[in-house]
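The values are calculated or read from the model by the stated rules, or taken from the named source; none is laboratory data. Quick caveat: nothing in here was measured; it's all calculated off a predicted structure. Neighbour counts run over all protein chains shown; Cβ positions are idealised from the backbone, glycine included.
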Amino acid sequence: MIQSLIGQKKLHSQRFLADGRRIPVTEIVMPGNPIIAVRSMDTHGYNAVQLGFGIKKHPHKALVGHIKGANIQDAPRFLREVKTASDADLPKLGEVVKASDVFKPGDLVDVIGISKGKGFAGGVKRYHFKGGPRTHGQSDRERAPGSIGQTTTPGRVYKGKRMAGHMGEVRVTVKNLQVVSVTDTGLFIKGLVPGGKNTLIMVKKVGEGKKFTPLYEEEKNAVEVETKKEIVEQVEKEPEPMSKTGEENTKKEENGE
C-alpha cells in the first residue's frame, strides 16, 4: 500500500488539544493524488507508483501522452514517484488517493520539502560561527570567518570547507512529526515543516504514535452545550402536574361557586 502522498503547505497556526495544551500545527492541503503510472518488478525492475498533484494550465504534448493511460481530465502540474514494498494492494491507474486513505490521527510522518532560500550568507548566519573579538584593535574582524587552511602541508583548502555562500533552497526532511487531524482534503501536522506557503510537500508515513491526544473539538462541544440548554428550557417550560385540591378549586370557579 502507498505510504506517501504529495500536498501543498498552506499555513502555520495553533490548535488546542483535548487536555488543554496549545500546540503549533501546519496545514497541508491534499485534495487527492491521481495515479499516473505504476512501476512493476517484472517490467521496470522495481515497484513504485507515480503520483500527480495540481493542474497544469498549458500541458505540453509529452505530458498529455504520458497521462493518457491514466484517463484523467486535467494534466497534473507535479509528478513524483513513490516506491512500494510490493506490487500487492496497489491502486489502479487513474484512481485518486485521498489523505484519509493513507493517514489517520496519531500517525508519525516524515515531511520532505524545499527550505526557504536565504540568498548569499556569511559564515556567522550560515554556520553559526562565533566571529572574532570586538576589542584589542580588531575593527573589521567581528564577523570574519578566520583561517581556512594550513601552510605548505597540505597547501590547499579541503573540499567542503564551511564558508560564506548560498544558503537555503535545499531538500530538507523533518522526521517523526505527528498527524493530529485528517480530512479528505488535507491534514494538520504538529510542528513546523520546511518551505514557504503554497510550496510542494511530500508526507511519508513511518509509524504510529504510542501516546496521542486528539484535538479539542469546539463544534462538537458547542453542539453538546446547545443540546443541554434546550433540555433545560424544555424542563422549565413544562407545567407542573396539578394537585387534586387545585383541580377542585378550578371546577368551583368554572361553576361560579
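Scanning region 37-73 for residues that are part of a loop (DSSP other than H, G, I, E, B) and among the hydroxyl-bearing types (Ser, Thr, Tyr) turns up 40, 46.
Do we find a residue being in a strand (DSSP E or B) and either touching a Phe, Trp or Tyr at 6+ places or on another chain (Cβ under 8 Å) or not assigned by TED's automatic domain parsing to the domain that holds residue 189 (or both) anywhere in region 83-103? Give the steps one after another, and end with the answer.
Taking region 83-103 and keeping what is in a strand (DSSP E or B), we get 83, 96-97.
From what is left, the residues that are either touching a Phe, Trp or Tyr at 6+ places or on another chain (Cβ under 8 Å) or not assigned by TED's automatic domain parsing to the domain that holds residue 189 (or both) are 83.
Scanning region 83-103, I find at least one residue that is in a strand (DSSP E or B) and either touching a Phe, Trp or Tyr at 6+ places or on another chain (Cβ under 8 Å) or not assigned by TED's automatic domain parsing to the domain that holds residue 189 (or both), so the answer is yes.
Answer yes if at least one residue in region 16-36 is surrounded by fewer than 12 Cβ atoms within 10 Å (Cβ to Cβ), under 10 Å from the mean Cα position of the chain (by Cα) and either of a type in the set (A, V, I, L, M, F, W, C) or part of a strand (DSSP E or B) (or both), and no otherwise. Within region 16-36, not a single residue is surrounded by fewer than 12 Cβ atoms within 10 Å (Cβ to Cβ), under 10 Å from the mean Cα position of the chain (by Cα) and either of a type in the set (A, V, I, L, M, F, W, C) or part of a strand (DSSP E or B) (or both).
Take the conditions surrounded by 17 or more Cβ atoms within 10 Å (Cβ to Cβ), of a type outside the set (D, E, K, R), modelled with pLDDT of 95 or more and under 26 Å from residue 194 (Cβ atoms) and apply them to residue 82. Does it pass? Let's see the steps before the verdict.
Details: surrounded by 17 or more Cβ atoms within 10 Å (Cβ to Cβ): yes; of a type outside the set (D, E, K, R): yes; modelled with pLDDT of 95 or more: no; under 26 Å from residue 194 (Cβ atoms): yes.
Criteria not met by residue 82.
Consider region 37-63 and keep the residues that are among the charged types (D, E, K, R) and surrounded by 11 or more Cβ atoms within 10 Å (Cβ to Cβ). The one that is modelled with the highest pLDDT is 56. Condition first: more than 30 Å from residue 217 (Cα to Cα), of a type in the set (A, V, I, L, M) and in contact (Cβ under 8 Å) with a residue 24 or more places away in the chain. Now tell me which residues in region 22-66 satisfy that. Once the filter is applied, which keeps residues that are more than 30 Å from residue 217 (Cα to Cα), of a type in the set (A, V, I, L, M) and in contact (Cβ under 8 Å) with a residue 24 or more places away in the chain, region 22-66 yields 35, 36, 37, 38, 41, 48, 49, 51. Close Cβ contacts (under 6 Å, 6 or more residues apart or on different chains) running from residues in region 153-173 that are closer than 15 Å to residue 116 by Cα to residues that are of a type in the set (D, E, K, R) and surrounded by 12 or more Cβ atoms within 10 Å (Cβ to Cβ) comprise 167/118; 167/126; 168/116; 168/118; 173/110.
Candidates 174, 203: the one that is touching a Pro at 6+ places or on another chain (Cβ under 7 Å), modelled with pLDDT of 95 or more and assigned to a strand (DSSP E or B) is 174. Just one of the listed residues (78, 120) is among the aromatic types (Phe, Trp, Tyr) and more than 30 Å from residue 50 (Cα to Cα), and it is 120.
The conditions of being of a type outside the set (Val, Ile, Thr) and touching a Pro at 6+ places or on another chain (Cβ under 7 Å) are not met by residue 131.
Close Cβ contacts (under 8 Å, 6 or more residues apart or on different chains) running from residues in region 137-148 that are free of Cβ contacts under 8 Å to residues at least 12 places away in the same chain and of a type in the set (Asp, Glu) to residues that are surrounded by 11 or more Cβ atoms within 10 Å (Cβ to Cβ) and assigned to a loop (DSSP other than H, G, I, E, B) comprise 142/131; 142/132.
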